[in-house]
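Trainee: I have a structure here, written as structure tokens, and I will follow up with some questions on it.
The values are calculated or read from the model by the stated rules, or taken from the named source; none is laboratory data. Being a predicted model, the structure only gives us computed values, none of them experimental. With ideal geometry, Cβ positions are generated from the backbone for all residues, glycine too; neighbour counts draw on all protein chains shown.
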Amino acid sequence: MAAAAAGASGPPQSSAHTPAIDEVADRRSVDVTARSCAAVADDGTEPRVAAYLRRIGVTTTTPTAPTTAAPPATTATLFALQRAHALTVPFENLSVLQAPRRITLDVDDIVTTVVARRRGGFCFQLNGGLAWLLCRIGFRVHTLSARIWRASGFGPVNTHVALAVDVPGDAAGGGGSSGGGGPSLAAWLVDVGNGNAALAPLAFRDGEVQTEGQDGHAYVLRRLRAGDVRADDGRIAGGGASGSGGGGGAEVWRLFERAPAESLLPTPGVVDGRCAPVAQPVRYSEMAAVEPLAGAYAAAGGESGCGGESGCGATRLWAENCVLELYLQPVAFDTFAHMCLFHQTEAVSPFRRGTVATKPLEGGGRITLSSGLWAGDAAGDRAAPSLPPDERVFTVGVRRTAHAHREVREVVGWSAARRELSSHFDIEL
């Protein structure tokens, strides 16, 4: 897997100036990960950047041979790195359940976990590690506060971290705000740290369906505006600004995954017993939960036939699954320290209520090993610790391509689960 053309020099030196948090809020386009970029020195035997690239299988091409020298900070490189990271490093919570020591936001520890221990992690580890790598290569990286949508609604503020990445000299992403006449903040949304992560960066373009590099998946970013109804029954105060939580006065955006409605609705292309083509997208402010998948969906117009139903017009029903909400204003990485601890220690944390290891597959599929809450048990995994290891039940689910039928099987016992982790996720416990 090649990231980009050869000829790149080593990683740039990080800035000697570390902006204060209030300065970040004012300028909006400073590099808030400068401290993180400087925090991890080369290990004395193999440079950390080269080791990270080797870990995710990225090589660049030189006139003599492939190498793991840092590729240039280009849009093509950004796309290649996100894809390689997502396909290689799993989203998993095994350390939360088993590790004798706490997961921290220490960047050196994060890189060691991903590279040397060949493990995955949750959002703070995966996006934290990728942010460090991108920053060292020469991208401008911003950490953003976000929260994931679940069947019960959005989680608290700062429960998820996402990345906004500017490519030097490239305004192709665009769409977000800019500060001080500098490059636009959040030229690209990059997120490898959730259990349904996109394979490629997404541009902050309101309402545009984005499919490039997504292997059959499609995503839409939508900017909330004054008067929009939030899924948690609140209203945006006005002017696209949020008056709540970690967003401060930042723009609020929502990410949706778009899929054919027949893959989500009980009867393909049919609503209330009739074919129901929709000419225009239903506003995301009118979201309603649709079984069997947990999430918020809205019907939207398409261009192909409506599930093959007779009498159906030329428009197909589509569904938009709400993935997350984010605030388009950079915050310091240590802002997430409290929620990083919360996810590891509190009984209500989803990471304490079951086991999960998941990653996408080439061609748009996904493989997941799960138990408890992550396997659809509403009670979570609270009873599992009382079970002997050889009696615990885990689910292995596989989708071969995007939106394909999910093949499910059960494995019983921790020994069997460990074999699955080794075989499919390269995790050795």
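Trainee: Can you name the residue in the stretch 149-179 that is among the β-branched types (V, I, T) and at pLDDT 90 or above and, of all such residues, is farthest from M339 (Cα to Cα)?
Mentor: Step one: of the stretch 149-179, the residues among the β-branched types (V, I, T) are 157, 159, 161, 165, 167.
Remaining after also requiring at pLDDT 90 or above: 159, 161, 165, 167.
Numbers: T159: 6, V161: 10, V165: 23, V167: 29 Å.
Among those residues, the one meeting the criterion is V167.
Trainee: Looking at the structure I just gave you, is R102 modelled with pLDDT under 90 and in contact with a Cys (Cβ under 9 Å, 6 or more places away or on another chain)? Can you show your working first?
Mentor: Values: modelled with pLDDT under 90: yes; in contact with a Cys (Cβ under 9 Å, 6 or more places away or on another chain): yes.
Answer is yes for this residue.
Trainee: Return the residues of the stretch 109-161 that are among the aliphatic types (A, V, I, L, M), touching a Pro at 6+ places or on another chain (Cβ under 8 Å) and over 24 Å from P47 (Cα atoms); say none if nothing qualifies.
Mentor: Initial filter on the stretch 109-161 (among the aliphatic types (A, V, I, L, M)): 110-111, 114-116, 126, 130-131, 133-134, 137, 141, 144, 146, 148, 151, 157, 161.
Next, only the ones that are touching a Pro at 6+ places or on another chain (Cβ under 8 Å) stay: 137, 144.
Passing the criteria: only L144.
Trainee: Output the number of residues of the stretch 316-340 satisfying the condition of being at pLDDT below 85 and closer than 19 Å to G129 by Cβ.
Mentor: Kept after step one, since they are at pLDDT below 85, are these residues of the stretch 316-340: 316-322.
So of that shortlist, the ones also closer than 19 Å to G129 by Cβ come out as none.
Going through the stretch 316-340 one residue at a time, the tally reaches 0.
Trainee: Here is a further query. Which of the following residues is touching a Ser or Thr at 6+ places or on another chain (Cβ under 7 Å) and either on the phi > 0 side of the Ramachandran plot or modelled with pLDDT of 95 or more (or both): F91, F79, F124? It would help to see each step written out before you state the result.
Mentor: On the way: F79 fails: touching a Ser or Thr at 6+ places or on another chain (Cβ under 7 Å); F124 fails: touching a Ser or Thr at 6+ places or on another chain (Cβ under 7 Å).
The match here is F91.
Trainee: Just give me the residues in the stretch 127-142 being surrounded by fewer than 24 Cβ atoms within 10 Å (Cβ to Cβ) and at pLDDT 95 or above, in sequence order.
Mentor: Across the stretch 127-142, there are no qualifying residues.
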